[in-house]
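Report on one structure; see the data block that follows.
Read-outs: derived from the displayed coordinates by stated rules, not from any lab. Model, not experiment: these values are computed from the prediction. Every residue, glycine as well, gets a Cβ built from its backbone with ideal geometry; the counts of neighbours run over all protein chains shown.
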Amino acid sequence: MKETRKLKAVIFDLDGVITDTAEYHYQAWKATATELGIPFTREFNENLKGVSRMDSLKLLLSQAETPVNYSDEELVQLADRKNKLYVELIETITPADLLPGVTEFVADIRSAGLKTGIASASKNAIAVLTRLRVMDQFDVIVDVTKLKNNKPDPEIFLTAAAELGVEPADCIGVEDAASGVDAIKGADMFAVAIGNAAHFPHADVVLSSTAELNFRELAQKFEG
Ligand code: B16
Ligand code: MG
């Protein structure tokens, strides 16, 4: 980590941090699993948080009692089918679906003159942010289709920092998935995790919910 750090930007995961789309992902994967005769529980769905669409599909298929070898084309078709269902479900999102504390936290960051970015594994991030009516609250939204590596690789957070024109060590990353926290730490950023502390051994700060996000407190902790 660089010796003198100065907080310049906060980079957010989307699903589970800005809004809770996990339920919609669950419903779309559940319908896909049911069609394929594969058991799929809410508990198993937890493993898919922060995981890319194709990797999520492969995890789901690994639950089949009798494994089937799908061709690459069939895998793409299955992933597309899930995404169609998901896209229909997220059409119902409104600004009321912003998680508690997020609007104020982002406003405080911006009023302090800091930058904000989105580092989401979702190819639907822009659709979700548009429905939440917060597109103008973020200086950068990383285009995940241009990246080579999925979280826990730090590429998405490093790309966000580069596009914001700041050093990674001058950033806070906020995540709700362990793979995302590992990506933040791999990028040499200060990691704030949302959820159960037992799941985030590598985070610098763990908050049980977004309602606890407080810009001044986190800025103080960042400065040590
Ligand atoms: P899509 P995040 C992730 O978003 C979700 O947590 C994960 O469940 C999902 O599979 C992934 O995006 C890909 O989403 O199918 O819309 O491209 O948490 O990184 O904001
Ligand atoms: Mg997430």
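Only loop residues by DSSP count here, and only those with at most 14 other Cβ atoms within 10 Å; note down the trypsin sites (Lys or Arg not before Pro) in segment 144-198 that meet that.
Working: sites: K146, K148, K185; in loops: K148.
In loop regions of segment 144-198 (DSSP not H, G, I, E or B), the sparsely surrounded trypsin sites (Lys or Arg not before Pro) are K148.
Taking the number of other C-beta atoms within 10 Å as the exposure measure, put T210, T94 in order starting with the fewest.
Numbers: T210 20, T94 9.
Least crowded to most crowded, the residues run T94, T210.
Could you check the simple spin-label distance between A107 and L75, using points 7 Å along Cα→Cβ, in nm with one decimal?
About 4.5 nm, to one decimal.
What is the helix-to-structure angle for 102-111, meaning the angle in degrees between its Cα long axis and the longest Cα principal axis of the chain, kept from 0 to 90 and rounded to the nearest 10?
40 degrees
Let a ≥ b ≥ c be the square roots of the eigenvalues of the Cα gyration tensor of the chain; is it rounded (a/c under 1.5), or, if not, prolate (a/b larger than b/c) or oblate?
Numbers: a/c = 1.95, a/b = 1.74, b/c = 1.12.
Here the chain falls in the prolate category.
T19: net charge of surrounding residues, Cβ under 10 Å, Lys/Arg +1, Asp/Glu -1, itself excluded?
Values: positive: R131; negative: D15, D20, D97.
My count for the surroundings of T19 gives -2.
Output wanted: per-residue J couplings in Hz (rounded whole) for segment 115-132, from phi through Karplus 6.51 cos²θ - 1.76 cosθ + 1.60, θ = phi - 60°, x for Gly and Pro.
Computed from phi, the couplings for segment 115-132 are 9, 10, x, 10, 10, 10, 6, 7, 6, 9, 4, 5, 4, 5, 5, 5, 5, 7 Hz.
Report, in degrees rounded to the nearest 10, the 0 to 90 angle that the Cα long axis of helix 22-36 makes with the longest principal axis of the chain.
20 degrees
Under the classification rounded if a/c is under 1.5, otherwise prolate if a/b is larger than b/c and oblate if not, where does segment 22-90 fall, given a ≥ b ≥ c as square roots of the Cα gyration tensor eigenvalues? Spell out each step's value before the answer.
Values: a/c = 1.55, a/b = 1.20, b/c = 1.30.
Judged from the Cα gyration tensor, segment 22-90 comes out oblate (a/c at least 1.5, b/c at or above a/b).
Just want the ordering: T92, T116, T19, from fewest to most Cβ atoms lying within 10 Å of their own Cβ. Could the numbers behind the result be given before it?
Numbers: T92 9, T116 20, T19 23.
If I rank by nearby Cβ atoms, fewest first, I get T92, T116, T19.
Between the helical axis of 72-90 and the dominant principal axis of the chain, each derived from Cα atoms, what acute angle in degrees is found, rounded to the nearest 10?
60 degrees
Which FRET efficiency, nearest 0.05, do L85 and N214 yield, Cβ-Cβ r, R0 35 Å?
Details: r = 37 Å, r/R0 = 1.04.
Efficiency computed from Cβ-Cβ geometry: 0.45.
Efficiency by 1/(1 + (r/R0)^6): what FRET value for T92 and T34, r their Cβ-Cβ distance, R0 = 22 Å, to the nearest 0.05?
Details: r = 21 Å, r/R0 = 0.95.
My answer for the efficiency is 0.55.
Once you have a ≥ b ≥ c as the square roots of the Cα gyration tensor eigenvalues for segment 129-171, tell me rounded if a/c is under 1.5, and otherwise prolate or oblate according to whether a/b is larger than b/c.
Details: a/c = 2.42, a/b = 1.33, b/c = 1.82.
Because a/c hits 1.5 or more and a/b fails to exceed b/c, segment 129-171 counts as oblate.
Which residue, G117, G165, G16, has the most motion in a Gaussian network model of the chain that connects Cα atoms within less than 10 Å?
G165
Within segment 1-87, list the GluC sites (Glu not before Pro) lying in a DSSP loop whose Cβ has at most 14 other Cβ atoms in a 10 Å radius.
E3, E65
Give the residues of segment 16-47 whose amide nitrogen is closer than 19 Å to a point set 7 Å from the Cα of A198 in the direction of its Cβ.
So the set is 42-47.
Please list the non-local residues whose amide H lies under 5 Å from the amide H of I141, H modeled 1.01 Å from N, same-chain partners needing a gap of 5 or more.
I118
Tell me, what HN-Hα J-couplings in whole Hz come from the Karplus equation 6.51 cos²θ - 1.76 cosθ + 1.60 at θ = phi - 60° for each residue of segment 136-150, using x for Gly and Pro?
6, 8, 10, 6, 9, 10, 5, 7, 5, 5, 8, 8, 9, 10, 8
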